[in-house]
Structure formats: C-alpha cells, structure tokens
Amino acid sequence: LVQPISVFKGLEGVYVTESALSLIDSENGVLYYAGYDVKELVERSSFEEVVFLMLHQRLPTSSEFTEFLKLLRRSQELEPIHIETIRKYAGVTDILSLLAMLIVLEGRGKIGGNSNDFNAAVNAVAKMGSFFSTIIRVRYGGDYIPPRRDLSFPENLLYMMNGEVPSREHADVLDDLLILHAEHGIPASTFASLVAASTLSDLYSSIAAGILALKGPLHGGASEASYAQALSIGSVEKVPEWVQLTLSEKKKIMGFGHRVYKIYDPRATIVKNIIARFMGSMNSEVKKVYEITRALEEYGEKYLASRGIYPNVDLWTPILYRMIGLPADSFTALFAVSRTAGWVAHILEYWRENKLIRPLHLYVGERPRKYIPLELRTGS
Ligand code: CMC
C-alpha cells in the first residue's frame, strides 16, 4: 500500500482554497472583510451593507444599495409553507435544527453551481433572519408577523420576534453583532458548506451543511455554552476555584481559545467596548453574568495566556445577546443568520472554479484478508 507522508489532523494549517472575502491578521489581531477593518465596519457600516460587500467584495453605490435593499427586504417575507413548518416544529426541535430544515425546504427544486446566483444568496440571508424571528415568536406562543419594508434587517429581526419596533440602541447592538459574525475565513461550518457546494448540491442545502456544523460547542455553540458556564459557576467568588478545578481535570473553558488567533480575539475587544456603553442599563441577571465573565477572563488568562489561549468572541457575546432580549438557546442560531452572509459568499466564490472536495485518509486497519462464513467462524 502507498502511504502519504503526513496527516493534517483537523486540517490544521492546510489551505483548501483562495478567497477574497476576509483576512485574519492573527499576529496583530485585526480582522478584515474584503480589505475593510471589521472594527470600522461595526462603527460606520450596517449588516445590510456588509452582505453586499461579501457578495461583491466592494461597497455599493447609493443606487446599487437602494436596489439591493429592495430585494433583501422583499425576500424577508415568508411563504405559507415556511409558516406551517415553523408552527409544526418550533416547540419540538432546537432553533438551529429547525433553521436547517427550513433552509433545505427553501432549496426545493433548485440546482447548484451558479456562481452568479446573487438573488438566491440575498434570499437565503433574508429568509434566515425571518425564520429565526418567527421560530422564536412561535415557540413563545405568538404567530408570524410579516416584516416591514421600512425597517432595517436588525430592526425587522427584533420586530418579527417581539411584535414591537425595537429601540435604536437594541437594533444597533444587533446590527454590530451581525456584522461581527458575518465572516471568518474557513472554520468548520464554512468548510462544511463548501464540501456540500463542491458536489454541486444547491446553495440552500450547502447552507444547511454549514448550519449543522456550527452547532457544536467547539464552534458556534460556544456562546450558549459560555453563558451556561457563567450561570453554573454562579458567583464571582467561585471563579478562581472553578478555573483551577476545570483546568486540573483537563476540561476546556468555553469562550477561550481559537485555532487561528493565538492572541486576544479582536472581535472580543469590540464586543467588550459595546458592552461598556451599556453598563448602566443591564438587568441583574446580565450584570451577574458580566461580573462572572470578567473574573473568568482574568483568572483564565492567568493560566492559559502563556500557552496562546485567550478569550474569544463567544466569552463576551452572551451578555449582549441577553441584553437585547434573545433567549439563551438562540445565540447559535443568530450566529447562523449572520454567518449565512459569509457562507453564501464563499459558496459563490468557490463555484467560480469548482473542484470537488475529496481528501484522503491514511488507512491504518487490517491488511487484506479472506471472508469467513458465519458458520465457520470460531472466535476473534
Ligand atoms: N480551555 C482550556 N484548555 C484549552 C482550551 C480552553 N478553552 N482551548 C484549548 N485548550 C488546550 C487543550 O486542552 C489542549 O491542551 P493539551 O495540549 O494539553 O491537550 C491544547 O490547548 C490544544 O487544544 P485544541 O482543542 O487541540 O486546539 P485547537 O486549536 O483545535 O482549539 C478550539 C481551538 C476553539 C477548539 C479550542 O480552543 C476550544 O475548544 N475552545 C473552547 C470552545 C470555544 O470557545 N470555541 C469557540 C471558538 S471562537 C468562535 C468560532 O469561530 O466558532
């Protein structure tokens, strides 16, 4: 048997494609979307503009943006088949699984491989937002509220969820969070969506592959896990002992560590700066989680920083998610809504020079041997 030279576990350090979408400057701790510092985009741009940026790798002109917004907002409206599915399953499955189910449904009858299918890409982002809000609304006893075309994407998301137009502050916080999670190179979820897309599966099914890979606590599920972790620690006083015990048992602290960043995650810095603006208006639950998280960061860093393990964005985002009223089991699903922008942009980009993704494994099993019929087998 011919054996390859190396196995790259977890594809660590392996480049699988070229991309013009984002640059992670992990030495200086800066994240760029198509050349724009994400910090500046959070301060000056909007999620809607970032979706355009992802799809075209440039900012829109004013007339282009007007047309783009018309398409995006029109596409936010749900069809009876979506609403029926949400009514049937919202109380049965977790939000993320239902998002995957709904986006697959949206892809019914579609074919993949069209790298110019911008309308489908915009539709996918728009639908994901409305699916998210409507699932939550129905879970808590409400029913579908159609989006309003005079509201922005984050405003509509909260409006369709709560039935009230949100405050400017809440919509802005959500907009910032959506921008921050829109794109991040090729983590597991984006890779999963590219694997599906590379078979020329349709755009929507490829997004579903991404959604399901996002679910685990090592990736998108980390924010929910980090929130649950803070609640289970219970108080600031317990943090030092908890950190020591967790590390001595070789367990992981959720919201710490990253495959690419070996320094402080720049997105976490941005989230912390946003949190600082709202210190006065936190309710007691959020304030408690904030205090525990602060202590966790301090003690965690004390033990882990020397190994290049620092807080990541998911340590801090739960505070903002809860502050704007999102349920604690919806954080990963919101991440999926936002990251759909990155997934669709990667998929269209990949289809320009599609190549089936088909890696190899290094076989370490038995040598070839003969099959023995059941009645003749004597034991192992
Ligand atoms: N707490 C304690 N130890 C850790 C942590 C952590 N959060 N992260 C890594 N380590 C240790 C790990 O135990 C291992 O130690 P040893 O060499 O003694 O066995 C070593 O560091 C390498 O860990 P790894 O998991 O093989 O490293 P990786 O580069 O594959 O890790 C990671 C990346 C994100 C999977 C990992 O840091 C982790 O599991 N973090 C916790 C989950 C988390 O917060 N995920 C969100 C990532 S950011 C959002 C996103 O993009 O999805």
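Brief remarks follow.
- If R0 is 25 Å, the Cβ-Cβ spacing of Ser115 and Glu12 corresponds to a FRET efficiency of close to 0.30.
- Relative contact order [Cα under 8 Å, 6+ residues apart], the chain, whole percent: 23
- Rolling a 1.4 angstrom probe over the protein heavy atoms with all chains in place gives the chain an accessible area of 49 Å² per residue.
- Subset of Lys262/Lys302; Lys238/Lys287; Lys9/Lys355; Lys39/Lys272 violating a 19 Å alpha-carbon distance limit: Lys9/Lys355
- In the chain, the calculated helix contribution to ellipticity at 222 nm averages -17500 deg cm²/dmol per residue, counting -39,500 (n - 2.57) for every DSSP H run with n ≥ 4.
- For Val14, the shell of other residues with beta-carbons less than 15 Å away shows a net charge of +2, using +1 for Lys and Arg and -1 for Asp and Glu.
- Maximal additional length on extending the Asp94-Tyr363 stretch stands at 93.2 nm, based on 0.36 nm per residue less the C-alpha distance.
- Tail fraction, Cα-Cα pairs, the chain, threshold 38 Å, whole percent: 22
- Computing FRET efficiency as 1/(1 + (r/R0)^6) for Ser306 and Ala276, where r is the C-beta to C-beta distance and R0 is 25 Å, gives about 0.40.
- Across the alpha-carbon atoms of region 322-380, the computed radius of gyration and Dmax are 24.5, 67 angstrom.
- Packing-based order for 361-368, 285-292, using average beta carbon neighbours within 10 Å, highest first: 285-292, 361-368
- Total formal charge among the other residues, if their Cβ is under 10 angstrom from that of Asp314, Lys/Arg +1 and Asp/Glu -1: -1
- Label-point gap, in nm, between Glu375 and Lys70 - each point 7 angstrom along Cα→Cβ: 7.7
- 15 Å beta-carbon shell around Met279, net charge (K/R +1, D/E -1): +3
- Taking only the Cα atoms of region 207-313, the radius of gyration and Dmax are 14.2, 42 Å.
- Once the chain from Arg148 to Glu79 is taken as fully extended at 0.36 nm per residue, the excess over their C-alpha distance is 23.3 nm.
- Rg and Dmax of region 1-158, based on Cα coordinates, read 19.2, 64 Å.
- Computed over region 1-129, relative contact order equals 18 percent, with contacts defined as Cα pairs under 8 Å that lie 6+ residues apart.
- Note on Asp150: accessible area approximately 100 square angstrom, rounded to 10, probe 1.4 Å, nucleic acids and ligands left out.
- Using the average count of surrounding beta-carbon atoms within 10 Å as a protection proxy, the listed peptides 41-47, 248-254, 299-305 rank, highest first, as 41-47, 299-305, 248-254.
The values are calculated or read from the model by the stated rules, or taken from the named source; none is laboratory data. Remember, predicted model here, so these are calculated numbers, not experimental data. As a convention, Cβ positions derive from the backbone with ideal geometry for all residues, glycine included, and neighbour counts pool all protein chains shown. To get the accessible areas, we keep the full protein, side chains included, count just its heavy atoms, and leave off ligands, DNA and RNA. Shrake-Rupley method; radii C 1.70, N 1.55, O 1.52, S 1.80 Å.
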